[in-house]
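S.K.: Here it is, the structure, as C-alpha cells.
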Amino acid sequence: MGITRKTIGRFKGKSVVAYTLTCPSGFSLTALNYGCIVTELLAADSTGEFSNVVLAFDRLEDYESNPFYLGAVIGRIAGRTRAEGLPLNEGANHLHGGAAGFHSQFFETAMVEGEREQEITFRRISEAGEEGYPGTLDVAVTYTIRDEGVWSITYEAMSDTDTPFNPTNHSYFNLNGYKTSILGHRLTVASDQVLQLDQDSMPTGGTLSVAGSDFDLRKGATLAKAKESTDPQLSRTGGFDHPFILSRKEGVAAVLQDEICGRVLEMTTDAKAVVVYMGSGLEEGYQVNGKQLHPYAGVCLEAQGYPNAYREPRFPSIVLKAGETFKQQTSYTFSLAKPTDGGTL
Ligand code: FUC
C-alpha cells in the first residue's frame, strides 16, 4: 500500500525513477519520471489473479527511443498534424509532439499517499520553441488510482502565449496481460461519427457516419472484425487507427472486454474524441510482458481533441489561450464481467 520509488537506470545522463502506487485491493500502477510512461498496471481477473494489463518493454533501454510510444504521455499535440513549420518525424507529418515530444522528456514529481487512493503528479516546463511550438507551457499530468480499480489521468497546463495543446496517453491495453493478442477483445464506443483519413492517415476534414459500417461500435464488436474488414478506410490501416468523435459529454465513452479472463475496462473522458489504435504497426524484435512483441499485442484508447485540429478550421480548436488554464480528465475503470454483460452503450 502507498507509493514506492526505485531508480532503475539512466537516460540522457539523468536517473530514470519508477514510482509504484498500490491500493489495498492490490490494484497498482507503476510509472516513470521519463515520459510519464506507465510500465505496469496490475488488475485482478475473475480468479483473483493480477496481471499487467498494459504492454511494457522487458528491456528498460527500449523506452529511451520508444518507437511505439508505449505507455507514454503525448504532447504537445497528439496524433498527426500537417507540419507547416513543425518538425517532421513521420514522412511529411508532425506526429505525437515531434521526436522530442513529452514521451521522451523528464518530469518532476510530487506525490500524495492515501488509504484507498494514491496520486502522483508529473510536471515540467516545455520551453518556448520546443519542437517548434510557441509559448512557454507549464504542464502537469496527474495519475490517481483508487482501490475500486480506477486509474484517472488529469492534464493541466498554462502557457504565456497562445499555443496548441492536445495531450493524450498512449498505453496499449491487453486485458489478459498479453496471453493472447487483442483481436478477441470486444470494443464498444459511444460514437456516431469517425474522422475520415487520407492515405497518410491525416484527417481529410470530413467525417463518416458509422451507421452500416464496421466503424459502428455502438453495440460492440470484436477487434478481429475491424482487422478483417474490407472497408477501404480499415483495410489500409489493418484495423482501427482512427479518431472516433464521442457523442456524449457524460457517461461511459468506451468499453473494452475480454471474455476469456473476464476483465472489463470502461473509459470516461471529457475529451471530444478517442483514437482507437489496434497496434497493427507493432513490430517483432522487441520483448514485452515476457514475450515477443507482435502486431495487435495491445490496443490504445487515446482520449484527445481531434487530430490535425491545429490546421483544420472545421475542427474544434485545440489552441490554449495565453494565461488560461487547460484541464482535461480521462478515467479507465477496471471491473469483472457478469456473464450476461452485452457491452451496449
Ligand atoms: C498511434 C497511431 C499511429 C502510430 C502510433 C504509434 O496513435 O495513430 O498510427 O503508429 O500511434
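What follows is calculated from the coordinates using simple rules that are stated; it is not laboratory data. Being a predicted model, the structure only gives us computed values, none of them experimental. Heads up, the Cβs are rebuilt from the backbone with ideal geometry, glycines too, and the neighbour counts pull from every protein chain shown.
S.K.: Output ³J(HN,Hα) for the range 155-162: one whole-Hz value per residue in order, computed from phi by the Karplus curve 6.51 cos²θ - 1.76 cosθ + 1.60 with θ = phi - 60°, and x for Gly and Pro.
M.R.: 9, 9, 7, 8, 10, 8, 9, 4
S.K.: Here's something else I'd like to know. Over the range 2-336, what is the relative contact order in percent, taking alpha-carbon pairs closer than 8 angstrom and at least six residues apart?
M.R.: 18 percent
S.K.: Hey, rough spin-label estimate for ASN89 and ARG59, points 7 angstrom out along Cα→Cβ, what's it come to in nanometres?
M.R.: Inter-label distance under the simple model: 2.1 nm.
S.K.: For the chain, modelled as a Gaussian network with Cα springs under 10 Å, which listed residue fluctuates most, GLU324, GLU266, GLU40?
M.R.: GLU324
S.K.: Pull up all non-local amide H partners of LEU246: gap of 5 or more, or a different chain, and H-to-H distance under 5 Å with H placed in the peptide plane.
M.R.: HN-HN under 5 Å from LEU246: ALA273, VAL274.
S.K.: Find which of GLN328, VAL17, PRO164 sits farthest along the positive direction of the dipole of the chain, computed with +1 on the beta-carbon of Lys and Arg, -1 on that of Asp and Glu, about the Cα centre.
M.R.: GLN328
S.K.: Just tell me which aspartates and glutamates come within less than 17 Å, Cα to Cα, of LYS14; anything on the same chain fewer than 8 places away is out.
M.R.: GLU61, ASP62, GLU64, GLU108
S.K.: While we're here: Computed FRET efficiency, Cβ-Cβ of GLU113 and SER209, R0 51 Å: what is it to the nearest 0.05? Please list the in-between numbers first.
M.R.: Values: r = 47 Å, r/R0 = 0.93.
With a Förster radius of 51 Å, E is 0.60.
S.K.: Excluding residues fewer than 8 places away in the same chain, name every one of the lysines whose C-alpha is closer than 19 Å to that of LYS272.
M.R.: Correct list for LYS272: LYS249, LYS321, LYS327.
S.K.: Under 16 Å from the Cα of LYS219, which aspartates and glutamates turn up, not counting those fewer than eight places away in the same chain?
M.R.: Partners within reach: ASP192, ASP258, GLU259, GLU266, ASP341.
S.K.: What length, rounded to one decimal in nm, is gained on full extension from SER235 through to ASP216, with 0.36 nm per residue of separation minus their alpha-carbon distance?
M.R.: 5.3 nm
S.K.: Rounded to the nearest 0.05, what FRET efficiency is calculated for GLU284 and PHE50 with R0 set to 41 Å and r the Cβ-Cβ distance?
M.R.: 0.90
S.K.: Within the range 64-159, report the trypsin sites (Lys or Arg not before Pro) that DSSP leaves as loop and that have at most 13 other Cβ atoms within 10 Å. Walk me through the numbers before you get to the answer.
M.R.: Details: sites: ARG76, ARG80, ARG82, ARG116, ARG123, ARG124, ARG146; in loops: ARG76, ARG116.
Here the trypsin sites (Lys or Arg not before Pro) that fit, given the DSSP loop and packing criteria, are ARG116.
S.K.: Also, quick follow-up: Treat every Asp and Glu Cβ in the chain as -1 and every Lys and Arg Cβ as +1, leave all other atoms uncharged, and give the resulting dipole magnitude about the Cα centre to the nearest 20 debye.
M.R.: Values: 30 positive and 42 negative charges, 24 e Å.
The dipole of the chain has a size of about 120 debye.
S.K.: Here is a further query. Using R₀ = 25 Å, calculate the FRET efficiency as 1/(1 + (r/R₀)^6) where r is the Cβ-Cβ separation of GLN329 and ILE125; round to 0.05.
M.R.: 0.70
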